[in-house]
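Rule-based calculations on the coordinates, nothing more; no lab input. Keep in mind that what you see is a predicted model, and the values were worked out from it rather than measured. All Cβ positions, glycine included, derive from the backbone under ideal geometry; neighbour counts span all protein chains shown.
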Amino acid sequence: MSKTLDPVTLAILNGRLEQIADEMDATLYRSAFNPIIAEARDACHGLYHAETGATLVQGTRGLPIFVGAMAFAVKAVIDKVKKDGDELAPGDTYLFNDPYAGGTHLNDFRLVRPVFRDGELYCWIASVGHWLDIGGNVPGGFNAKATESFQEGVRIPPVKLIANGVMNRDLIDILAANSRVPASNYGDLNGQLNALDLGEKRLADVLEAYGDDIVAAAFEAFSDRAEAMMREAVRALPDGVYTFEDYLDNDGITADKLTIALDLTISGDEMTLDFSRSSAPCAGPLNIAYSTAAACCYVALKHVFTAVPANAGCLRPITFNIPETTLLGVKPPKPVGGYTETILRVIGVVFGALAKADPALATAGPFGTINALSVAGYRDDGSRYVMFSFFGGGLGGNPESDGLNHANNPISMATIPPAEILEASYPVKFTQWALRPDSAGAGRHRGGVGAVYELETMTDADVFLLGERGIYPPLGVAGGGDAALNRFVWETDAGERSPELASKIADVRVRPGQKVRIESPGGGGFGDPKTREPEKVARDVRLGFVSREAARETYGVVLDDKGDVDPTETRNLREGAAA
């Protein structure tokens, strides 16, 4: 069927269908109550296959990790409909946040709706967004001490929120009763419903303009094209088995490190990703479910093979081995609230293994933690607040350039919420929001620079952090240096303190005026630092990215009193180091 469509029609339909998801994203961003959706864009939308739930179309602005996982989420709804013998009707909408059934963690709520044409199910349309608080032991949900999912919040399996056009108010009441900030969640829910309504209307416009069969044929053609392009990309890599390992600091309960190990096999135009050597399920919240792990790989491959369209077809040549005996394929009630840290390491090992297959793909490690910070308390008027935010750091150097400074992680298109928005929304004040000197891994192409975020609370407040890279730094490659470690401190009457388990803490209380500070890592460096152009090092010093001491000791570059390169001293220092 797809062969009958000419390239021009396919291109137009691809643009119009992507625009549907983009417009749904924009609708939610502009109507959500909580800054993590409205400003950070922690959400996504898409269209999914009627029978399999496979991704048909995604937008260009949605969170990629959600896009990869949503196919599993839609399939979970399809399975429920079949199991229960549900009768579907136009407008029916399922809601759930179950991280073991196509979810990620409990804060991420999914809405899934069937789309009908002439009384027949045509496809599914879906929305996901990060709600601010859904109960559990810790405001905001990032409980670094959780040993069961029950301690992370309320878990909702796929249930009908809307049936035959009628909202289930009892379900709304249950959700409200299990949140510290129910008004925020209710606002986000309505934003997602509005996005679904708009997406359904825009899809109907396209179907009316082109016909149901033509659009269905386009969906098939898009998937076939993605498969062909992925097979071509894999075929270009040499056959073999490529291994890579990286580590998580700990699980928040014990100090033991966790290993994420990948054996990547290339055989012709097919690839197998085998994670069976990874650590066993852990006691703390650094576990993830199979669907989340597979979604990470999807994100990693899309980063590397940028020309391949992002739909289910690109995964047809890929086989996953993610056993339940590892922390990457857990079942309930294993805690998964810290999934953001684990998926970053999964993406990193995929990058690392592919770089062994083709060194031209090598990129040094990014800062590798979202530093999930929650600050909670009561305003002067007695109302409760929960501030949650994530923060940036440096990306890794690569064969062509330095890494980005103060960037977001490769899991997302999200943006770091602005300080002004957080200060306007919550009783906090930022006293530092700056780049962190000497945080980047040194190299011919250095890593991006991390950042310093310091805030003080205006009320008595509880503070919670779930982060990583406090023990195992972002890695340099090809002779490049590792980046600085993550660091978190808070003020007490006796001075500053840091967590015993590096970047995880769940029991800090601060008074008004006391500060908490995150010093995020930079990215790893690429190549020998002694081969970096001295003028680039001098510029880094002038900009405050690198100290004079590091310029001399790490890069072998000597600067004069004016900050210019001293060519003679630099040459002598570098030649002496080489000898």
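To one decimal place, what orientation-averaged projected area in nm² is obtained for the convex hull of the Cα set of the stretch 146-206? Could you put the intermediate results ahead of the total?
Numbers: hull surface 22.6 nm².
Here the figure is 5.7 nm², rounded to one decimal.
Across the Cα atoms of the stretch 361-456, what radius of gyration and what greatest pairwise Cα-Cα distance (Dmax) are found, in Å?
16.0, 55
Taking every Cα atom in the stretch 534-578, find the radius of gyration and the maximum pairwise distance Dmax, and write them in Å.
Every Cα atom of the stretch 534-578 included, Rg and Dmax give 9.4, 28 Å.
Describe numerically, in nm with one decimal, the distance between label points set 7 Å from Cα along Cα→Cβ at Asp460 and at Arg316.
For the pair Asp460/Arg316, the computed spacing is 6.2 nm.
Give the dimensionless ratio obtained when the Cα radius of gyration of the stretch 265-316 is divided by 2.2 N^0.38 Å. Walk me through the intermediate numbers first.
Numbers: Rg = 13.4 Å, N = 52, 2.2 N^0.38 = 9.9 Å.
That ratio works out to 1.35.
Once phi is turned into ³J(HN,Hα) by the Karplus curve 6.51 cos²θ - 1.76 cosθ + 1.60 with θ = phi - 60°, what whole-Hz value does each residue of the stretch 83-90 show in order, with x for glycine and proline?
Working through the residues one at a time gives 5, 8, x, 5, 8, 8, 9, x Hz.
How would Ile288, Ile20, Ile416 line up from fewest to most surrounding beta-carbon atoms within 10 angstrom? Mind dumping the intermediate values first?
Numbers: Ile288 31, Ile20 23, Ile416 20.
Fewest-to-most ranking of Ile288, Ile20, Ile416: Ile416, Ile20, Ile288.
Please compute P(r) over all alpha-carbon pairs of the chain, binned at 20 Å starting from zero, and give each bin as a whole-number percent.
21, 52, 24, 2, 0
Please list, in chain and number order, the residues 5+ apart from Arg436 or on another chain whose amide H is under 5 Å from its amide H, with Hs placed from the backbone.
The answer is Gly450, Ala451, Val452.
For the stretch 187-314, what does the equivalent ellipsoid look like in terms of its semi-axes, each the square root of 5 times an eigenvalue of the Cα gyration tensor, given largest first in whole Å?
36, 26, 9
Contour minus end-to-end for Ala280 and Thr52, with contour as 0.36 nm per residue of separation and end-to-end as the Cα-Cα distance? Each step should come with its number before you reach the end.
Values: separation 228, 0.36 × 228 = 82.08 nm, distance 3.04 nm.
Residue separation times 0.36 nm, minus the Cα-Cα distance, leaves 79.0 nm.
Which trypsin sites (Lys or Arg not before Pro) from the stretch 313-383 combine a DSSP loop assignment with at most 13 other Cβ atoms within 10 Å? Walk me through the numbers on the way to the answer.
Values: sites: Arg345, Lys356, Arg379; in loops: Arg379.
Filter output for the stretch 313-383: Arg379.
Given +1 on the Cβ of Lys and Arg, -1 on the Cβ of Asp and Glu, and no further charges, what dipole in debye does the stretch 178-256 carry about its Cα centre, rounded to the nearest 20?
Working: 6 positive and 17 negative charges, 55 e Å.
So the magnitude is around 260 debye.
Just to confirm the number: angle between the C-alpha axis of helix 7-31 and the first principal axis of the chain, 0 to 90 degrees, nearest 10?
Computed tilt is about 80 degrees.
Over all distinct Cα pairs, what is the inverse of the mean 1/r for the stretch 362-529, reported as the Kirkwood hydrodynamic radius in Å? Provide the component values of the computation, followed by the final result.
Numbers: mean 1/r = 0.0623 Å⁻¹.
Computed over the stretch 362-529, the radius equals 16.0 Å.
Using the alpha-carbon atoms, what tilt in degrees (0 to 90, nearest 10) does helix 567-578 show relative to the longest principal axis of the chain?
Roughly 80 degrees between the two axes.
Just how large is the dipole of the chain about the Cα centre, in debye to the nearest 20, putting +1 at every Lys and Arg Cβ and -1 at every Asp and Glu Cβ?
Working: 54 positive and 77 negative charges, 86 e Å.
Computed about the Cα centre, the dipole is about 420 debye.
First check a/c for the stretch 6-102, with a ≥ b ≥ c the square roots of the eigenvalues of its C-alpha gyration tensor; if it is under 1.5, answer rounded, and if not, answer prolate when a/b is larger than b/c or oblate otherwise.
Oblate, because a/c is 1.5 or more while a/b does not exceed b/c.
How fast does the stretch 233-377 diffuse by Stokes-Einstein, in µm²/s, taking the Kirkwood radius from C-alpha pairs at 25 °C and 0.890 mPa s? Please report the intermediate quantities before stating the final value.
Details: Rh = 15.7 Å.
Here the translational diffusion coefficient equals 156 µm²/s.
Using the Karplus curve 6.51 cos²θ - 1.76 cosθ + 1.60 with θ = phi - 60°, what ³J(HN,Hα) values do you get for each residue of the stretch 317-330, in whole Hz, with x for Gly and Pro?
Values per residue, Gly and Pro as x: x, 10, 10, 10, 10, 10, x, 5, 7, 10, 6, 9, x, 7 Hz.
So for the stretch 291-413, Kirkwood radius off the Cα pairs, Stokes-Einstein at 37 °C and 0.692 mPa s: how many µm² s⁻¹?
Numbers: Rh = 16.7 Å.
In µm²/s, the coefficient rounds to 197.
Nearest 0.05, what FRET efficiency do Ser383 and Ser547 give at R0 = 56 Å with Cβ-Cβ as r? Please report the intermediate quantities before stating the final value.
Numbers: r = 45 Å, r/R0 = 0.80.
Calculated transfer efficiency: 0.80.
Once you sort the root eigenvalues of the Cα gyration tensor of the stretch 117-258 as a ≥ b ≥ c, which label holds: rounded (a/c under 1.5), prolate (a/b larger than b/c) or oblate (the other case)?
Working: a/c = 3.30, a/b = 1.09, b/c = 3.03.
Judged from the Cα gyration tensor, the stretch 117-258 comes out oblate (a/c at least 1.5, b/c at or above a/b).
More than 20 angstrom separation, counting every C-alpha pair in the stretch 480-579; what % is that?
Numbers: 2617 of 4950 pairs.
Result: 53 percent of Cα pairs exceed 20 Å.
Can you give me the convex hull volume of the Cα atoms of the stretch 56-138, divided per residue and expressed in Å³?
Taking only Cα atoms, the stretch 56-138 has a hull volume of 114 Å³ per residue.
How many percent of all Cα-Cα pairs in the stretch 304-347 sit more than 16 Å apart? Provide the component values of the computation, followed by the final result.
On the way: 535 of 946 pairs.
Roughly 57 percent, once rounded to a whole number.
Report, to one decimal in Å, the Kirkwood hydrodynamic radius for the stretch 330-377 based on all distinct Cα pairs.
Details: mean 1/r = 0.0770 Å⁻¹.
Evaluated on the stretch 330-377, it is 13.0 Å.
Can you give the helix-only mean residue ellipticity at 222 nm for the chain, where every DSSP H stretch with n ≥ 4 adds -39500 (n - 2.57) and the sum goes over all residues, rounded to the nearest 500 deg cm²/dmol?
Details: 12 runs with 181 residues, N = 579.
Mean residue ellipticity at 222 nm (helix-derived): -10000 deg cm²/dmol.
Bin all alpha-carbon pair distances of the stretch 2-227 at 5 Å intervals from 0 and give each bin's fraction as a whole percent.
Going from the shortest bin to the longest, the percentages are 1, 7, 15, 19, 20, 16, 10, 6, 3, 2, 1, 0.
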